[in-house]
1. Please identify, among 85, 112, 34, the residue showing maximal mean-square fluctuation in a Gaussian network model of the chain using a 10 angstrom Cα cutoff.
2. So for segment 94-158, what are the equivalent ellipsoid semi-axes in whole Å, largest first, each being the square root of 5 times an eigenvalue of the Cα gyration tensor?
3. How much of residue 101 can a 1.4 Å solvent probe reach, expressed as accessible area in Å² and rounded to 10?
4. Pull up the cross-link candidates among the lysines for residue 90, meaning alpha carbon to alpha carbon under 27 Å and not fewer than 8 places away within one chain.
5. With a cap of 13 neighbouring Cβ atoms within 10 Å, and only residues DSSP puts in a loop, list the chymotrypsin sites (Phe, Trp or Tyr not before Pro) found in segment 1-105.
6. Given Cβ point charges of +1 (Lys, Arg) and -1 (Asp, Glu) and nothing else, what value in debye, to the nearest 20, does the dipole of segment 1-126 about its Cα centre take?
7. Could you check how many percent of all C-alpha pairs in the chain are farther apart than 27 Å?
8. Work out, in µm²/s and without decimals, the Stokes-Einstein translational diffusion coefficient of segment 1-64 at 37 °C, 0.692 mPa s, Rh from Kirkwood over C-alpha pairs.
Amino acid sequence: MKILVLSDSHSTKHYMRQFVERSSPDVIVHLGDHYEDGECLAEWYPHVILHQVAGNCDRYRCPPSAREMLCYPLGGVMTYMTHGHNHHVKLGLGALLKDARALQAKLVLFGHTHKAVCIREPDGLWVLNPGSAGSGTKTAGLVTIENGAVVNCEILST
């Protein structure tokens, strides 16, 4: 399973489309800022499963049912998805990783900082911030899962 991870698109949809076309994902995760961009992805690619969370810039731009955090298995890997602003990720990842580990996540997906990073913690926890698909870096993340385990995590750029 290929999971394309996008964040901080800020209404610049052109690069999101490029990343989808280039990677042909099975699943797309949009991590907020701007929530309606994720809704566009659902319209453009109805055959691709979409998961999305709201970001700090989405307070008045998303439906009341929108969540700021999701945690459930993707391809058999427990995945914690959030924008990151509630965990103050610009100051460090401690709170984010603590919450993810408490929910037994094996993969953490977050945005907000606009800085792409993909690391594996010593305990095996994968941590991915795709950067910004819309402003600044114009990056995305791609996670490959096989047999219930992350086998690849990479940053894509335009």
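1. Judging by the Gaussian network model, the answer is 85.
2. 21, 15, 8
3. Residue 101 exposes around 90 Å² with every protein chain in place.
4. Reachable lysines: 13, 98, 106, 115, 138.
5. 60
6. Value, rounded to 20: 280 debye.
7. Distances greater than 27 Å cover 12 percent of the Cα pairs.
8. Reported coefficient: 285 µm²/s.
The values are calculated or read from the model by the stated rules, or taken from the named source; none is laboratory data. Keep in mind it's a predicted model, so treat the numbers as computed, not measured. Because the Cβ atoms are built from the backbone with ideal geometry, glycine has one as well, and the counts that use them run over all protein chains shown. With ligands, DNA and RNA removed, areas are computed over all heavy atoms of the protein, side chains included. Shrake-Rupley method; radii C 1.70, N 1.55, O 1.52, S 1.80 Å.
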